[in-house]
Amino acid sequence: MNLRRGLVTGFFLISSNFLASTTVLAESISIKAKDGFSLSAEYLKPKTLSKRGVLMLHQCNADKSMYSALAEKAAARGFHTLALDFRGYGKSVNETYSMDKMEAKAGNRDELVAMVRKMRAEHWPSDVELAYQTLVDKVGSQNIAFIGASCGGGQAIILAEKQPPTSLSFFSSGMGEKGIERFVKLSDIPALFIAAQGDEFTFNSAKKAFEKAKSLKSKIQLYKGDGHGLPLFNQDPYLAGTMVDWFLTHSK
């Protein structure tokens with residue numbers, strides 16, 4: 001029995017085939033969390049001297065590899081990039097925190113949901129903050145933009161409450177009313193919202209958050225279809241370039 005089937009879109013891991021050859025040297029790094037857990041991340045260093053960075057937080061039906069091509073484009077234009085595998089996903093796994101092992105252990109879907117929510121609440125915010133600090137050390141400044149896809153958007157908001165970014169990008173990120181309320185308190189920060197019309201929850205969230213955004217620099221980009229995050233890169237081959245332009249325009 002596949003306990004993940006039927007859960008909210010963007011919640012659990014499936015493998016990503018969105019891979020790209022890289023012309024910028026990618027470095028796989030390990031970040032030790034507060035409890036000793038090893039977080040996996042991929043760091044790209046630009047070939048030119050730069051004090052700009054982008055922290056990339058994946059959607060919960062993918063892993064950090066969804067950003068391979070975007071990270072390459074950003075690094076080619078002078079950004080340090082760090083894409084993190086959330087705890088339990090991609091290569092950030094062990095015997096306790098692994099979506100496959102948690103699914104096998106759970107007796108039913110409700111138990112699995114409870115286990116994942118507990119992991120997310122107890123560990124993800126501090127894990128993400130450690131990834132941010134790692135990137136700051138690499139960049140040598142706090143001139144960092146955040147992009148969060150789907151559930152990664154919520155983590156971007158949590159981090160931004162502590163460490164304000166130069167800009168925010170919400171990529172098919174369904175915030176819900178509480179998430180939008182939290183975003184409004186940060187909405188002086190320029191924000192880019194990307195969503196597809198048929199991806200109804202994230203589409204409606206993007207429109208509501210954009211309407212409440214205080215920054216006149218904020219922007220919304222909408223698509224037809226029901227693409228949720230990752231597939232939109234294939235639907236629009238210029239999307240990664242649009243994102244990099246956004247980071248560049250709003251960096252210091």
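The values are calculated or read from the model by the stated rules, or taken from the named source; none is laboratory data. Everything numeric here is computed off the predicted structure, so don't read it as measured data. Cβ sites come from the backbone with ideal geometry, for glycine too, and all protein chains shown count toward neighbours.
Worth a mention:
- Within region 189-237, if we keep just the residues that are of a type in the set (Val, Ile, Thr) and buried (at least 22 other Cβ atoms within 10 Å of the Cβ), the residue that is nearest to SER68 (Cα to Cα) turns out to be ILE194.
- Of the helices (runs of 4 or more DSSP H) lying entirely inside region 51-143, those containing at least 1 residues that are within 15 Å of the chain's Cα centre (by Cα) span 68-76, 109-139.
- Single condition LYS185 does not satisfy, out of (1) touching a strand residue (DSSP E or B) at 6+ places or on another chain (Cβ under 9 Å); (2) over 17 Å from GLY152 (Cβ atoms): (1)
- Applying the condition of being surrounded by 20 or more Cβ atoms within 10 Å (Cβ to Cβ) and β-branched (Val, Ile, Thr) to region 141-165 and asking which residue is nearest to ALA71 (Cα to Cα) yields ILE147.
- With respect to the stated conditions, GLY148 is of a type outside the set (A, V, I, L, M), under 22 Å from TYR89 (Cβ atoms) and either in contact with a strand residue (DSSP E or B) (Cβ under 6 Å, 6 or more places away or on another chain) or in a strand (DSSP E or B) (or both).
- Of all residues in region 115-133, those satisfying the criterion of being in contact with a Phe, Trp or Tyr (Cβ under 9 Å, 6 or more places away or on another chain) and closer than 15 Å to PHE37 by Cα are MET119, ARG120, HIS123, TRP124, ASP127, VAL128.
- Qualifying positions in region 203-252 - at positive phi and either free of Cβ contacts under 8 Å to residues at least 12 places away in the same chain or within 19 Å of the chain's Cα centre (by Cα) (or both): GLY229
- Residue list for region 1-36, filter: modelled with pLDDT of 70 or more and either within 15 Å of MET99 (Cα to Cα) or not in a loop (DSSP other than H, G, I, E, B) (or both): ALA26, GLU27, SER28, ILE29, SER30, ILE31, LYS32
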